[in-house]
Amino acid sequence: MIDSKEALLNARTAAQQELASYDCRILVCSGTGCIATGSEKIYEKFVEICRDHPGVTLEFAPHDGEKKTGVKKTGCQGVCELGPLVRIQKGGKVVQYTKVQVDDCQEIFQSPVLAD
């Protein structure tokens, strides 16, 4: 429970360290508009691809030589008419994909997720 400013700052630091530990984050919009256009299937496909890919881990633990990729559902990303939306964050680079379909997930995963 966060019951003081110090506890809030500690929670913030822990969250920032967690985010920094990822090599890549795949953020799938789960706002109402994107859910209505199929984002849940997109999320499930990215989880499947990551689990099945050698050298990529989804675990929230230290990783040894494997790329740590987070697949997360987000709130509305702001442009519902272009959904489903997927945002890839890798280092300081952010790529936004619009109107993503399940068939697009493998190609998105290959580049930019796996690209160095």
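Some values worked out for this structure:
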read-out	value
Single unsatisfied condition, GLY78 versus (1) farther than 23 Å from ALA20 by Cα; (2) loosely packed, with under 15 Cβ neighbours inside 10 Å; (3) at pLDDT 90 or above	(3)
Yes/no for ALA7 being in a helix (DSSP H, G or I), surrounded by fewer than 16 Cβ atoms within 10 Å (Cβ to Cβ) and at pLDDT below 90	no
All positions within the range 10-29 that are part of a helix (DSSP H, G or I), out of contact with any Phe, Trp or Tyr (no Cβ under 9 Å at 6 or more places or on another chain) and not small (Gly, Ala, Ser)	ASN10, ARG12, THR13, GLN16, GLN17, LEU19
Residue under evaluation ALA14, criteria (1) touching a strand residue (DSSP E or B) at 6+ places or on another chain (Cβ under 9 Å); (2) modelled with pLDDT of 80 or more; (3) open to solvent by 50 Å² or more (accessible area, probe 1.4 Å), criterion not met	(1)
Of residues in the range 61-75 being at pLDDT below 90 and part of a loop (DSSP other than H, G, I, E, B), the one least open to solvent (accessible area, probe 1.4 Å)	ALA61
Residue list for the range 30-57, restricted to those being open to solvent by less than 30 Å² (accessible area, probe 1.4 Å) and either part of a loop (DSSP other than H, G, I, E, B) or acidic (Asp, Glu) (or both)	GLY31, GLY38
Qualifying residues in the range 83-95 (those that are open to solvent by less than 60 Å² (accessible area, probe 1.4 Å) and not in a loop (DSSP other than H, G, I, E, B)) - the one modelled with the highest pLDDT	VAL86
Extreme residue, farthest from VAL56 (Cα to Cα), among residues of the range 96-113 that are in contact with a Lys or Arg (Cβ under 7 Å, 6 or more places away or on another chain), open to solvent by less than 60 Å² (accessible area, probe 1.4 Å) and at pLDDT 90 or above	VAL102
Cross-chain or 6+ apart pairs with Cβ under 6 Å, the range 1-27 first and in contact (Cβ under 8 Å) with a residue 24 or more places away in the chain, then open to solvent by less than 90 Å² (accessible area, probe 1.4 Å) and among the hydroxyl-bearing types (Ser, Thr, Tyr)	CYS24/THR69; LEU27/THR74
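The values are calculated or read from the model by the stated rules, or taken from the named source; none is laboratory data. As the structure is a prediction and not an experimental result, all values here were calculated from the model. Here Cβ is always computed from backbone atoms with ideal geometry, including for glycine, and neighbour counts include all displayed protein chains. These accessible areas exclude ligands, DNA and RNA; they are computed on the full protein's heavy atoms, side chains included. Shrake-Rupley method; radii C 1.70, N 1.55, O 1.52, S 1.80 Å.
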